[in-house]
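The values are calculated or read from the model by the stated rules, or taken from the named source; none is laboratory data. The shown structure was predicted, so the numbers you read here are calculated from the model rather than taken from an experiment. Quick reminder, even Gly has a Cβ in these numbers, built from the backbone with ideal geometry, and neighbours come from all protein chains shown. The area values use the complete protein model at the heavy-atom level, side chains included, leaving out ligands, DNA and RNA. Shrake-Rupley method; radii C 1.70, N 1.55, O 1.52, S 1.80 Å.
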Amino acid sequence: MNRKKFLMGNWKMNNTIAESKEFCDQIQSSGLVRLARNKGIVIGVAPSYLSLRYVQKHAHGMIVAAQDAHYASHGAYTSSVSIPMLKEIEVDWSIIGHSEKRTYEGETSFLCNRKIKALVKENFHVVYCVGETAKEYDEGITKDVIREQIVTGLMGLTKEDIQNVVIAYEPVWSIGTGKNASVEIAQDICSYIRSLINDLFGKIASQKIQILYGGSVKPNNIHDYLEAEDVDGALVGGASLKAESFQALVENI
Ligand code: PGA
């Protein structure tokens, strides 16, 4: 199955509006969007909420995603941002379940599930992140952890819903550490995730779903991951913040 390659930058709590503007200006003048299109790569970024509107308006040809969304449409949830608020600024993608949300804010797969269900119901696309900690890796329970995250996170979704979901496998020990997982590990787990999707949603869904690797992906190693059969792209933090580095990622795919 010929799946499109996908490169998504996750800016986390980086890039002010001024820095986001600089990124967009450089991307526009570099012809990067055309280069990506010619190479058949879908590209996107997930800025902070404050920069979201600016980037949505100025990063033509790129997917623009929120880094989270609340499952409720409105209400007493201080600090949260709702799906209608994102829709209002024409954002219809969101990352869900990033390990930093799971680790620092105690986000569970069950909570991710509520968010994912609310998002796909509103026709949003979701990048759902899964991955084991260093301790879980050392204990040899990576696949058990991934299975729980996938089964619980995607509970109750239909075959139609799953078409709006991209999975990102990000081992927690590799995020922002420079200790990227080997291509063999990435391929093994991404292929395992595909087999879980096959069990839950059937063969067609499993062949269609895009599965990304994330964790210390840089311009000098991105190519190797994308050569792996079941790795369809990358979710990139640090190396996606500046336009030059983002461009180098696309060039090296
Ligand atoms: P990193 O982050 O590329 O800086 O390791 C990846 C991520 O958290 O998505």
Considering only segment 70-83, I want to know if a residue exists there that is free of Cβ contacts under 8 Å to residues at least 24 places away in the same chain and surrounded by 14 or more Cβ atoms within 10 Å (Cβ to Cβ). yes
Exactly one condition in (1) under 22 Å from L241 (Cα atoms); (2) in a helix (DSSP H, G or I); (3) out of contact with any Asp or Glu (no Cβ under 6 Å at 6 or more places or on another chain) is not met by K101; state its number. (3)
Using beta carbons and a limit of 7 Å, which pairs, at least six apart or on different chains, have the first residue in segment 191-219 and away from the ligand (no atom under 16 Å from the Cβ) and the second one small (G, A, S)? R194/S206; I197/A205; I197/S206; N198/S206
Leading residue by the ranking (most open to solvent (accessible area, probe 1.4 Å)) among those in segment 53-69 that are within 19 Å of V120 (Cβ to Cβ) and outside any strand (DSSP E or B): Q67
Determine whether V127 is under 19 Å from the mean Cα position of the chain (by Cα) and within 16 Å of the ligand (Cβ to nearest atom). yes
